[in-house]
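One structure is given below, encoded as C-alpha cells.
The values are calculated or read from the model by the stated rules, or taken from the named source; none is laboratory data. The structure displayed is predicted, hence computed values, not measured ones. In this analysis, Cβ positions are derived from the backbone assuming ideal geometry, glycine residues included, and neighbour counts consider all displayed protein chains. Please note that ligands, DNA and RNA were not included when accessible areas were found on the heavy atoms of the full protein model with its side chains. Shrake-Rupley method; radii C 1.70, N 1.55, O 1.52, S 1.80 Å.
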Amino acid sequence: MALDEKREKSASFTPMMIEEDAALRNGSRGLSGQWADAVGVRPRTTERHITVHKRLVLGFAISILALLVVTMIAVLLSVRFEECSTAAAADSPARASGNGSLPGAARLNHDAGEPPGRQEEAPGEEEEWQRRRQPPPWTQLRLPRHLRPLHYNLMLSAFMENFTFCGEVNVQIECLNASRYIVLHAHRVHIEAVQVAEDKLSGAVRVSSFFLYPQNQVFVVVLNRSLEAQRSYNLKIIYSALIENELLGFFRSSYVLHGERRFLGVTQFSPTHARKAFPCFDEPIYKATFKISIKHQATYLSLSNMPVETSVFEEDGWVTDHFSQTPLMSTYYLAWAVCNFTYRETTTKNGVVVRLYARPDAIRRGSGDYALNITRRLIEFYEDYFKVPYSLPKLDLLAVPKHPYAAMENWGLSVFVEQRILLDPSISSISYLLDVTMVIVHELCHQWFGDLVTPVWWEDVWLKEGFAHYFEFVGTDYLYPGWNMEKQRFLTDVLHEVMLLDGLASSHPVSQEVQRATDIDRVFDWIAYKK
C-alpha cells in the first residue's frame, strides 16, 4: 500500500482511538461512533443514593429531636399547672371542718360552665371504708336505702339577666337505718352551706364535711354522729347554679317579638336531670310532696305543677310566687318555668282549669286553640275511661321555642315544642294535624300512666311509655272515629313494625336491666314503646 494511503488510514484511525480511550476513561464500554450515540453514557448512581439516604436519616433524626423537645415542654407545663392548682386550692378557705382531699371527690367543673366556689371534701373517708373492706355508699350506682325523702320545700330566685339562679331546699327525710352519711343527687350546682337538724327541741346535728362526687353525680354530707333509725330529720342546703343553655335541667330558650329577643327559663328533668336544678333523691322510687316558691322580676310570670297560692310583690320590682303543695310525686316530672307568655284557658266539666301558654303573637293568632280544645275533651274522656279523676286542679300546656323532645308530661305542667302543639287548622295539612293530635293524646295519658302511677326504676319504662303509646290510637280514635286509628292504623304502625323489630337478633326483653344513669336513655326505644 502506498505511503499516502497509509497516512490517510492512520489519520482516520487516530480520532477513533482517541474517542475509545476517552470513553474507557469515562467508564463506558468503549463503543464508538453511532453505537456510542445510541447507547449513551451511563452515569454512576452510587454517590447519589448515598446522598439521599443521608438526607433521610438526618430528617428522621431532626423529627425525633423535635418530638422530644415538645414532650419535655408539655411535661414542664403540666407540672407547673399542677403546682398552680395546688397553691390555689391551698389559698381557698374551707367552710367545713376537716377539709381535706378525697380521691375522686368532686369540684365544680368550670369548663362545663359551672359557677366557681368552694366545695368541701371529706379527708380519709374513702380510706376508712377501705379499712372496712366495703365500698363507700357514694360509690354505689344507686342511692343507698337508709334514707327516704318525705317533703321538699324549695325556694328559688331566678336572675334572667345573667342566666343564674340560687336556691334553698329543705328536705324532710326519714332515717330507715342508722348512718352518719347523707347521700343524694346533685350535679353542676355550687353548694354554699349545709345544715342538718332533728327537730326544734333536739337542735342541729353537726356536719363534719360535705363534698360532691361527680362520678355518680351525688352529694355527700358527713355527720359527726349517726342518724337514728325511725326518726325524721331536716336537711337544709343553700346552693346556686346556671340557667343552662343545653336544654336539660333548668335551661333557657329565646324567641323574637317585635324585633326584640326575649328569654325564658324552663325545666326538663326526665330522666335524671332534676339533680342539675336542686339537690334531691333523683330516682323514681323516691316519691315525696313538694312546696315550691319562685322569686322573679315582675316583668315575668312563673309556672309550676300546682296553681299559685299567693304572690308577694316587693318594691324593687320583684315578685315571689308561692305554689300549692303537690301530691306525692317523683322528681323527674317536677317542673317550673319563668317566662313572659300569655295564655288562653278553658275548663272541663269536673272543674279542671286548662291553660295554654305561648308567645303573645301565637296566642293572638289563635294557634293554640285547637290543642286547648282537644285537651279539655281528652281529660274528660280519660276520666271516664279509666274511672279515675284527674288528680290536680289544673293542667297547663306550655309551648316553648326549643325543647330536647317533642313534649314532656310534667304533672300539671306539660311542656311541648311549638311545632308539636301550635297550628292553624284552616291551613295545616291532615298529616300535621294528626301528628299534633297524637303527641297531645300521648302526653295527657301520662298524667295517669307515669305521673299518678310511676315505675319503681327505669328498667320498667314500658309501664308508662307502652300504655301512653297505645292510647295515642285510642284517644285519637275517640276524637276522630272515622280515621279508624285503633283498629287499622295501630295494626300497621305498631303491631307489624314491632314484630319485625322483635324478630331481629338485636331485639331484647321489654324490661331491660339498667345500672348506670348513662344507660337509662337506651331503654327508651320502640321495643319499650310498642312491644
Positions within the range 509-525 being free of Cβ contacts under 8 Å to residues at least 60 places away in the same chain and loosely packed, with under 15 Cβ neighbours inside 10 Å, in sequence order: P509, E513, T518, D519, R522
Test result for T347, polar (S, T, N, Q) and under 22 Å from D451 (Cβ atoms): yes
Residue among D384, D424 that alone is acidic (D, E), assigned to a helix (DSSP H, G or I) and over 29 Å from the mean Cα position of the chain (by Cα): D384
The one condition in (1) of a type outside the set (A, V, I, L, M, F, W, C); (2) closer than 24 Å to K402 by Cα; (3) surrounded by fewer than 21 Cβ atoms within 10 Å (Cβ to Cβ); (4) touching an Asp or Glu at 6+ places or on another chain (Cβ under 7 Å) that R231 fails to fulfil: (2)
Top-ranked residue of the range 435-465 - restricted to ones that are open to solvent by 20 Å² or more (accessible area, probe 1.4 Å) and more than 23 Å from the chain's Cα centre (by Cα), ranked as nearest to V523 (Cα to Cα): L463
The listed residue being modelled with pLDDT under 95 and crowded, with 21+ Cβ neighbours inside 10 Å, out of H403, H296: H403
Single residue of S426, S414 found to be out of contact with any Lys or Arg (no Cβ under 6 Å at 6 or more places or on another chain) and modelled with pLDDT under 95: S426
Scan of the range 250-264 for residues that are open to solvent by less than 10 Å² (accessible area, probe 1.4 Å) and touching a Ser or Thr at 6+ places or on another chain (Cβ under 8 Å), ordered by number: F250, F251, L264
Qualifying residue in the range 393-400 (condition: modelled with pLDDT of 95 or more, more than 15 Å from L303 (Cα to Cα) and either in a loop (DSSP other than H, G, I, E, B) or of a type in the set (A, V, I, L, M) (or both)): no
Selected residue [closer than 30 Å to R522 by Cβ and open to solvent by less than 50 Å² (accessible area, probe 1.4 Å)] from K276, K291: K276
Only listed residue being under 25 Å from A517 (Cα atoms) and more than 19 Å from the chain's Cα centre (by Cα), chosen from F210, F269: F210
Members of the range 179-219 found to be small (G, A, S), open to solvent by 10 Å² or more (accessible area, probe 1.4 Å) and either touching an Asp or Glu at 6+ places or on another chain (Cβ under 7 Å) or assigned to a strand (DSSP E or B) (or both), listed by number: S179, A193, A197, G203, A204, S208
Meets criteria (farther than 26 Å from I294 by Cβ, part of a strand (DSSP E or B) and touching a residue at least 12 places away in the same chain (Cβ under 8 Å)) for F250: no
Residue among L223, L176, L141 that alone is free of Cβ contacts under 8 Å to residues at least 60 places away in the same chain, surrounded by fewer than 17 Cβ atoms within 10 Å (Cβ to Cβ) and aliphatic (A, V, I, L, M): L176
Check on I285, open to solvent by 60 Å² or more (accessible area, probe 1.4 Å), out of contact with any Asp or Glu (no Cβ under 9 Å at 6 or more places or on another chain) and hydrophobic (A, V, I, L, M, F, W, C): yes
Among the candidates F323, F313, residue that is without any contact (Cβ under 8 Å) to a residue 60 or more places away in the chain, surrounded by fewer than 21 Cβ atoms within 10 Å (Cβ to Cβ) and touching a strand residue (DSSP E or B) at 6+ places or on another chain (Cβ under 9 Å): F313
Odd one out for L444 among (1) under 18 Å from G466 (Cα atoms); (2) assigned to a loop (DSSP other than H, G, I, E, B): (2)
Unmet criterion (only one of (1) out of contact with any strand residue (DSSP E or B) (no Cβ under 7 Å at 6 or more places or on another chain); (2) open to solvent by 40 Å² or more (accessible area, probe 1.4 Å)) for P271: (2)
Qualifying residue in the range 220-227 (condition: part of a loop (DSSP other than H, G, I, E, B) and out of contact with any Pro (no Cβ under 7 Å at 6 or more places or on another chain)): no
Meets criteria (crowded, with 16+ Cβ neighbours inside 10 Å, closer than 27 Å to L147 by Cβ and either at pLDDT 95 or above or charged (D, E, K, R) (or both)) for A337: no
